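All of the numbers you see were taken from the coordinates with simple rules; none came from a lab. If you're wondering where the values come from, they're calculated on a predicted model, not measured in any experiment. Here Cβ is always computed from backbone atoms with ideal geometry, including for glycine, and neighbour counts include all displayed protein chains.
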Amino acid sequence: MYIIISGSNNITLDLAKKLIAEGHEITFIDPDKNKSDEIEKNIGFVSLVGTSYNKNSLIEAGIERADIFVASNINDEINFVATHVAKNLNEEITTINLINNIDNKNIFLGDEFDYIVEFDEIISGNLHSFISEKSEQIVYTNTDNHTEIVIIDAGKGSDLIGKSVEELNLPSESEIIAIISSSGTIEHNFANTINPLDKILIQIPIRYKAND
Amino acid sequence: MKISILGISNVTDYIIEKIGNQTEEILVYSEITDFDFELKNSSKKNITIVVDPNLKSNLEKISNESNKILILSNSDTFNSFAYHKIINTNESIMTIMLIQNLDLYEMYKSKNCRVISPFELEKSDFLYIVKE
């Protein structure tokens, strides 16, 4: 696919590296010549010095043949207008917008905005996953077969709650041993969904963390 | 009638000249102090200049307190963003934005946005803002 990225920063540089490794074609648009030079130097693909809400810059970048437009500047106003222009030039393009200020979310809901990614949501999601890891407890390590027994506490607000065992996305070769309810009942029938305060007893390969 | 103007630009001066005498109250909001503009307008009784560094966060409040809003800063991206934010909050209020880039101006005009261009100022006396 051909992807145009407006705004170069650590997020989009990392994204571009991954996309190129997967065989996609990328062009960055950024008004800062220094950033553009750095992209060329480090990643080695075409980078365009220009303003992403400028029609001519987008046409020069090939917006009419692009499949995806990513607006990921640190300024929501620029992302907003750039996406308007991109969609106006190519109705078929899929747009992805980074929202920096969650208070602005309600105006990124028009037809131009196919996908929105909230910066706050990314951060809070990551923080939550780190905190969730704290609720894991290794109770036994078996070095002979390279497994460990782990208890995961679903807590009161974990994203595990309401999921079935199949939905837990555990690493392969994992095995659920039991689910212990808050009342102390030990359940070996895993047909039900996870309830608040359930504790899940799992055997997993040592090299994995339970929620990888 | 209370008209709020967001942003100070040459077009702000121009429009105040056109409608200033026809309007009871004009509030001009700016993120920074513009001394030339203040000097020119501070003696006019119906014009109040409000310097608000948090202007972007107060758009909803301003729109709730205004009869009409003109967004006339020098930044097309701010003007477009503020316009859509206000329209999204309060669709019924008359909101007009200035767009200086001709391509953007034509795009928003084709989307039926209420938009003015510095290149077309002479075509209107802007009294429709007061009368409508």
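Among A:His146, B:His84, rank each residue by its count of other Cβ atoms within 10 Å, from fewest to most, as a rough exposure measure.
Exposure proxy ranking, most exposed first: A:His146, B:His84.
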The aspartates and glutamates whose Cα lies under 16 Å from the Cα of B:Lys56, excluding any fewer than 8 residues away in the same chain, are A:Asp76, A:Glu77, A:Asp103, B:Glu31, B:Glu65, B:Asp76
Here the residues of segment A:96-110 lying in the modelled label zone of A:Met1, meaning backbone nitrogen under 18 Å from a point 7 Å along Cα-to-Cβ, are A:96-99
For chain A, averaging the sequence separation of alpha carbon pairs under 8 Å that lie six or more residues apart and dividing by its residue count, the contact order in percent is 14 percent
Per residue convex hull volume, Cα only, segment A:38-159, in Å³ is 193 Å³
With Cα coordinates, the longest principal axis of chain A makes an angle with the long axis of helix A:33-42, in degrees rounded to 10, of 50 degrees
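Going through segment B:51-92, which GluC sites (Glu not before Pro) have at most 14 other Cβ atoms within 10 Å and a DSSP loop state? Could you put the intermediate results ahead of the total?
Working: sites: B:Glu60, B:Glu65, B:Glu91; in loops: B:Glu65, B:Glu91.
Answer in residue order: B:Glu65, B:Glu91.
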For segment A:135-205, the Kirkwood Rh over every pair of distinct alpha carbons, in Å, works out to 12.4 Å
For peptide A:103-110, the mean count of other chain Cβ atoms within 10 Å per residue Cβ is 3
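Counting helices only, and only those DSSP H runs with n ≥ 4, report the 222 nm mean residue ellipticity of the protein assembly as shown as the sum of -39,500 (n - 2.57) divided by its residues, in deg cm²/dmol to the nearest 500.
-9000 deg cm²/dmol
For segment A:135-205, what's the relative contact order in percent, using C-alpha pairs closer than 8 Å and at least 6 residues apart? Let's see the in-between values first.
Numbers: 139 pairs, mean separation 28.2, N = 71.
Dividing the mean separation by the residue count of segment A:135-205 yields 40 percent.
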Magnitude of the Cβ-charge dipole (Lys and Arg +1, Asp and Glu -1) of segment B:2-131 about the Cα centre, nearest 20 debye, reported as 360 debye
Once the dipole of chain A is set up from charges on Cβ (+1 Lys and Arg, -1 Asp and Glu), the residue from the list A:Ile93, A:Asn54, A:Pro31 lying farthest towards its positive end is A:Pro31
Here the whole-number average of other chain Cβ atoms within 10 Å per Cβ of B:76-85 is 5
Debye calc, one equal point scatterer per Cα of chain A, no solvent, log10 I(q)/I(0) at q = 0.14, 0.15, 0.16 1/Å comes to -0.86, -0.90, -0.95
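What translational D, rounded to a whole number of µm²/s, comes out for segment B:2-131 from Stokes-Einstein when the hydrodynamic radius is the Kirkwood one over Cα pairs, at 4 °C and 1.567 mPa s?
Values: Rh = 14.7 Å.
So the translational diffusion coefficient is about 88 µm²/s.
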Whole-Å distance linking the alpha carbon centroid of segment B:38-104 with that of segment A:1-68 is 33 Å
Most exposed first, judged by fewest Cβ atoms within 10 angstrom, A:Asp103, B:Asp125 run B:Asp125, A:Asp103
Any lysines whose Cα falls less than 23 Å from that of A:Lys41, other than same-chain ones fewer than 8 residues away, would be A:Lys17, A:Lys18, A:Lys33
